[in-house]
Amino acid sequence: MAEQLAFLIGGIIGGLLLLIGVSCCLWRRFCATFTYEELPETSDPATISYFSRKEDRLYQYSGTPPGRLPSVPFVVPPSHQGRDWVPLHGGDWAVAPQDPCPVPEHMACTSSAKPGDACEMGSINPELYKSPEDMSETGFPDGCLGRLWFSVEYQQESERLLVGLIKAQQLQVPSETCSTLVKLHLLPDERRFLQSKTKHKICNPQFDENFIFQVSSKSVTQRVLKFSVYHVNKKRKHQLLGQVLFPLKNETLAGDHHRIIWRDLEAKNLEPPSEFGDIQFCLSYNDYLSRLTVVVLRAKGLQLQEDRSVVSVFVKVSLMNHNKFVKCKKTSAVLGSVNPVYNETFSFKVDTNELDTASLSLVVLQTTEGNKSSPLGRVVVGPYMYTRGKELEHWGEMLRKPKELVKRWHALCRPTEP
C-alpha cells in the first residue's frame with residue numbers, strides 16, 4: 001500500500017515538471033516569432049523632407065517619414081523628433097551629439113502668462129557682479145601733493161593708541177631718486193614724535209609699520225594725529241612734502257578693530273599767524289533746501305592765556321540776523337593746542353530773502369579747570385552791511401557758487417566778551 005502511494009505521488013510531481021517545461025518552450029518560441037507591425041508608408045512630400053533646426057539645412061529621406069528611421073520598426077517619439085541623425089557603418093542611424101548646455105531660445109514673457117509658466121528673464125551680466133573698485137586708489141585731484149593710508153585703533157584697558165602706517169602714493173618729489181620717511185606727532189605735543197623707516201628710490205612707498213602712543217582715555221578725543229611726510233636728499237636733509245592732520249574723535253575710535261583711513265597731503269602754511277591767530281572754515285549755501293553750512297576746519301597761532309595742560313579750546317558758531325542772535329553751535333574742545341584741528345560741520349536754516357541781513361560770528365574760546373571760558377579771537381562773515389575785505393569776499397563767493405564748499409583762512413580780531 002505504501003509503495004503504491006509513493007508511485008502515485010512521484011507520477012504527479014513528474015507530470016507537473018513536464019508541463020512546466022513544455023510551457024516555457026512554447027513561450028520562448030512565441031516571443032521569438034513575434035514582430036511589430038510596420039506602419040504604412042506615405043508619399044506625402046511634406047513628410048518626406050524636413051528642416052534641421054540646428055543648421056537650417058534641408059535633409060531628404062526618401063521613403064521614410066520624419067521621426068522614423070529605415071531600420072527602426074516604429075515611430076520615433078515626438079521628444080526625439082527634430083534631432084540630427086547620423087548614419088553608422090552598419091546601416092543604422094544614431095542621434096548626433098548635442099551641446100550639454102544649450103542656449104535657451106528666447107521666450108518673451110507676456111501679460112497673459114500664468115503663474116508657473118516658464119519664460120526667459122534675461123541673461124546674466126557679469127559686470128554687475130564685479131567687486132567694486134577701491135576709489136581711494138583713483139581720483140587724485142589736480143595739484144595733489146600725494147595720498148597717505150593709515151589705520152587707527154584705541155585700546156581702552158591699556159590706554160594705548162595704535163597707529164598703523166600703511167602706504168603713500170603719488171608723492172610729488174623734487175628728484176627722481178625719491179627717499180621718503182614719515183614723522184608722527186600726537187598734538188598738542190610737538191616735541192616728541194615717532195618716525196618710520198626711510199624708503200629709498202620709490203615714489204609710492206609701502207611702509208606697513210605700527211606705532212604706539214600712550215594716552216589717557218580722558219584726553220584722547222582732544223588730541224590730533226599729525227603725519228609729516230619728508231623727502232630725504234643725498235645730504236640727508238629733510239624736505240617736507242606735505243602733512244596730514246587727523247583729529248581723534250569718539251566715532252573714529254569706536255570699535256575694537258583697525259579702521260583704515262586715507263587722506264590727501266596738505267602743504268604747510270608758511271604765512272606767519274595774525275596777532276590773535278587765524279581760523280580756517282568752509283561756507284556753503286543750498287538755495288533749494290535753504291540751508292547754510294559751516295565747516296570749522298582748524299585754527300593756528302592762538303594766544304593761550306594760561307598753562308596749556310589745563311586749557312581746552314573750542315569754537316562757537318553763531319547765526320545772527322539784523323545783529324540779533326538766532327542760534328549758536330559749538331565744536332568739541334581740543335586740549336591745550338595753539339593749532340587745534342576740528343573738521344566739524346554745522347547747518348543753519350536760512351531763507352534766501354534773509355541772506356542780505358544774516359551773518360555768521362565765529363569765536364574761539366578757551367576753558368580752564370573751573371569751566372570758565374574766555375575768548376581768544378573773533379571773526380564775522382556776511383554781506384556788505386556787516387563786513388568788508390576777505391570776510392565779504394568769502395560770503396560773496398559762497399553765494400556765487402551754490403552747493404559748493406568755499407574754504408578760506410581768516411584772521412581773528414581782538415576778542416570781546418561772549
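The values are calculated or read from the model by the stated rules, or taken from the named source; none is laboratory data. Everything numeric in this text was worked out from a predicted model, so none of it was measured. We place every Cβ from the backbone using ideal geometry, glycine too, and count neighbours over all the protein chains shown. The protein model used for the area step is the full one, side chains on, heavy atoms only, and it has no ligands, DNA or RNA in it. Shrake-Rupley method; radii C 1.70, N 1.55, O 1.52, S 1.80 Å.
List of remarks:
- Matching residues in region 176-197 - criterion: being among the aliphatic types (A, V, I, L, M) and open to solvent by 50 Å² or more (accessible area, probe 1.4 Å): Leu194
- Taken over region 377-403, the residue count meeting the criterion of being surrounded by fewer than 14 Cβ atoms within 10 Å (Cβ to Cβ), in a helix (DSSP H, G or I) and basic (Lys, Arg) is 1.
- With respect to the conditions (1) more than 30 Å from Ser216 (Cα to Cα); (2) of a type in the set (S, T, N, Q); (3) touching a Pro at 6+ places or on another chain (Cβ under 7 Å), Asn353 lacks only one, and its number is (3).
- Within region 251-260, if we keep just the residues that are under 22 Å from Val295 (Cα atoms) and open to solvent by 20 Å² or more (accessible area, probe 1.4 Å), the residue that is modelled with the lowest pLDDT turns out to be Glu251.
- Selection over region 313-344 of residues that are touching a residue at least 40 places away in the same chain (Cβ under 8 Å), assigned to a loop (DSSP other than H, G, I, E, B) and closer than 19 Å to Ser284 by Cβ gives a count of 0.
- Which listed residue is in a strand (DSSP E or B), in contact with a strand residue (DSSP E or B) (Cβ under 9 Å, 6 or more places away or on another chain) and buried (at least 16 other Cβ atoms within 10 Å of the Cβ), from Ser374, Ser359, Ser347: Ser359
Yes or no, residue by residue, for (1) under 30 Å from Asp208 (Cα atoms); (2) at pLDDT 85 or above; (3) among the hydrophobic types (A, V, I, L, M, F, W, C):
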site	(1), (2), (3)
Trp262	yes, yes, yes
Glu271	no, no, no
Val296	no, yes, yes
Asp307	no, no, no
Ser347	no, yes, no
Leu365	no, yes, yes
Lys372	no, no, no
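- Selected residue [at pLDDT 85 or above, within 21 Å of Val341 (Cα to Cα) and under 32 Å from the mean Cα position of the chain (by Cα)] from Arg147, Arg192: Arg147
- Check on Val406, open to solvent by less than 20 Å² (accessible area, probe 1.4 Å), farther than 21 Å from Lys327 by Cα and out of contact with any Gly (no Cβ under 7 Å at 6 or more places or on another chain): yes
- Just one of the listed residues (Lys372, Lys349) is touching a Leu at 6+ places or on another chain (Cβ under 9 Å) and on the phi < 0 side of the Ramachandran plot, namely Lys349.
- Enumeration of residues in region 150-170 that are within 21 Å of Phe207 (Cβ to Cβ) and either modelled with pLDDT under 85 or among the polar types (S, T, N, Q) (or both): Ser151, Gln169, Gln170
- In region 198-236, residue surrounded by the fewest Cβ atoms within 10 Å (Cβ to Cβ) [restricted to those that are in a loop (DSSP other than H, G, I, E, B) and hydrophobic (A, V, I, L, M, F, W, C)]: Ile202
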